[in-house]
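A quick write-up on the structure given underneath.
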Amino acid sequence: MATEQGIVVKTDSGAAWVKTIKSGACKGCTARGACHSQGNNAEMEVQVLNEAGAKVGDRIVLLFETSSLLKATFLLYVFPILLLLIGAVVGQEMAPLIDFNPSGLSAITGLSFFIAAVLFIKARANKMALKKEYRPKIIKILAHTGRLEPGHDPELKP
């Protein structure tokens, strides 16, 4: 399980917006569409499940399920390459059967399989992002600091 610290900047029914520092775990996260980078690109706001009942201004700990993160990383990085390679091999093997240039058909089928993988990922990622196990959640409130003042920018520590 991966954890990050942050500060709650907004809440609504069952969810909260948390200001945190972007980390390496963000790249493979399927719910990264719910995150919004701030001006300096290191800070970001992420929408999370507020299971701990945190309030605006609270310093909290977020939990990201690593098994979900690994599934998402596989889907995003490994799956398209596997399909590209499978498509290239299928094209290479089919070419003599249809009297076609093996390199050309290999490139065409490899690219077709890759495009199919990207379309599959797009459809699957949208569904995954809606599931609770793929969304970060507040698991602990470190400090109740009260409401944030307008223009107040609490210092975050990575």
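We did not get these values from a lab; they are worked out from the coordinates using the rules stated. Everything numeric here is computed off the predicted structure, so don't read it as measured data. Cβ sites come from the backbone with ideal geometry, for glycine too, and all protein chains shown count toward neighbours.
Would you please give the FRET efficiency between Val78 and Asp99, computed as 1/(1 + (r/R0)^6) with r the Cβ-Cβ distance and R0 = 41 Å, to the nearest 0.05?
Calculated transfer efficiency: 0.75.
With each label modelled as a point 7 angstrom along the Cα→C-beta vector, the His144-Lys132 pair spans 2.4 nm. Modelled spin-label separation between Lys122 and Lys71, with each label point placed 7 Å from Cα along the Cα-to-Cβ direction: 2.3 nm. Please tell me which of these pairs span more than 19 angstrom C-alpha to C-alpha: Lys10/Lys55; Lys10/Lys122; Lys10/Lys71? In this structure, Lys10/Lys122; Lys10/Lys71 exceed 19 Å between Cα atoms.
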